[in-house]
1. Mind listing just one residue for me: the one in segment 24-41 that is in contact with a strand residue (DSSP E or B) (Cβ under 6 Å, 6 or more places away or on another chain) and within 22 Å of residue 153 (Cβ to Cβ) and, of those, surrounded by the most Cβ atoms within 10 Å (Cβ to Cβ)?
2. If residue 10 meets every condition in (1) in contact (Cβ under 8 Å) with a residue 40 or more places away in the chain; (2) farther than 15 Å from residue 177 by Cα apart from one, which number is that one?
3. List every residue pair whose Cβ atoms sit under 7 Å apart, with the two residues 6 or more apart in sequence or on different chains, where the first one lies in segment 381-394 and is within 8 Å of residue 350 (Cα to Cα) and the second, anywhere, is part of a strand (DSSP E or B) and modelled with pLDDT under 90.
4. Among the listed residues 121, 108, identify the single one that is more than 33 Å from the chain's Cα centre (by Cα) and surrounded by 18 or more Cβ atoms within 10 Å (Cβ to Cβ).
5. Out of all the residues in segment 207-237, which are in contact with a strand residue (DSSP E or B) (Cβ under 8 Å, 6 or more places away or on another chain) and either within 18 Å of residue 385 (Cα to Cα) or at pLDDT below 85 (or both)?
6. Here's a check for you: in segment 24-57, which residue that is assigned to a loop (DSSP other than H, G, I, E, B) and in contact with a helix residue (DSSP H, G or I) (Cβ under 8 Å, 6 or more places away or on another chain) is farthest from residue 191 (Cα to Cα)?
7. Being assigned to a loop (DSSP other than H, G, I, E, B) and either modelled with pLDDT under 75 or in contact with a helix residue (DSSP H, G or I) (Cβ under 8 Å, 6 or more places away or on another chain) (or both) is the filter here; which residues of segment 372-392 pass it?
8. Is it true that residue 184 is surrounded by 13 or more Cβ atoms within 10 Å (Cβ to Cβ) and more than 23 Å from the chain's Cα centre (by Cα)?
């Protein structure tokens, strides 16, 4: 029962602990338009062979020509596989239209003997229950169909337009070895597609809701980022990551942050948070540590003008910019894009500017905290230095760093704020926290010049 067939989507296989169950009944449920037909066809084409073809049976849900027409626009759809008989489409709607489940079993019998399939898809299974009318009649039909499918050692995929709550009550769920639920959720002004494994007999799987989208390539899945607390020992980097601001390195005592640590930069608008992140990234590039700036505030053109004014360039091959807008953004898709970019370029430093934008995209404060915890755990384990930027509303004497209590996840916390000196505003920096390093939480003046951050003397802040 633990044998698997691949779904054609590596991340979905990861959620399912290897794929759908082989020689078993796999039930896919979901509201109309959630992608049941597309996923079923994707699995059918992925596993079809000349010796064990895939048999796709349509019932009364959609005409077969319509299923084929929409399927042909997807990259996994191979017309050669249809022509040479590796994927066989058949319509069994006629006996259903005549109201005869017995005729359906006869039709299935003939197709199983002729095709000898390895995969059997039935789309949609709910039509059988509608025709049966009586639950006892439907159960007898269900038993007869199971007996025939078991005799062929085929892997079955049944689609049904049930909601998650409906599926639990249906007879199909009781006999199915796995149940996968697809749904479309409304989150504020945007729609988010989510899938969840409701049942996977005799096997572990990734719990919770996982985001997905449907593209020309079929299903693109983003498993819920839920890293466990690191219990086993792992190797920490022992060197320092210089900040790119010499005076700040001196304040930190050891010449910078611990490499692989997480640093939180917080302060009001216009105080220089992004500039501190740029110092960190461009200094890293200078010493051979590639970095990524994940920003929601500026596009690459706007950012190019900013960095040029300080003598840097976005053409630097070791500084990679991932600029995205929060409108319509799927936070799970974004985080996987960030992780894949970091892996591809060998990033040792990452700056996220800023966390409130990610929180807006997440739409759920609990999900946001889970996401940020998982991200810090993952990059810490990989020895990647992470800098997180948070904007706060208070211009003077900041009282709270984050509504979601993010500061306890950070190894270092730096507060930037304005201090009023008569008619002028001075910028001030305070090291609030440096884990495993000595520091003095005093308030230092700083200025932003053509050379970037210039740290000054100690200030006295009066309330």
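The values are calculated or read from the model by the stated rules, or taken from the named source; none is laboratory data. These figures come from a predicted structure and were not determined experimentally. So basically every Cβ, Gly included, is an ideal-geometry build from the backbone, and we count neighbours across all protein chains shown.
1. This residue is 28.
2. Single failed check for residue 10: (1).
3. From segment 381-394, the pairs are 385/241; 385/257.
4. Details: 121 fails: more than 33 Å from the chain's Cα centre (by Cα).
Only one candidate qualifies: 108.
5. Of everything in segment 207-237, those that are in contact with a strand residue (DSSP E or B) (Cβ under 8 Å, 6 or more places away or on another chain) and either within 18 Å of residue 385 (Cα to Cα) or at pLDDT below 85 (or both) turn out to be 236, 237.
6. 53
7. Result: 384, single match.
8. no
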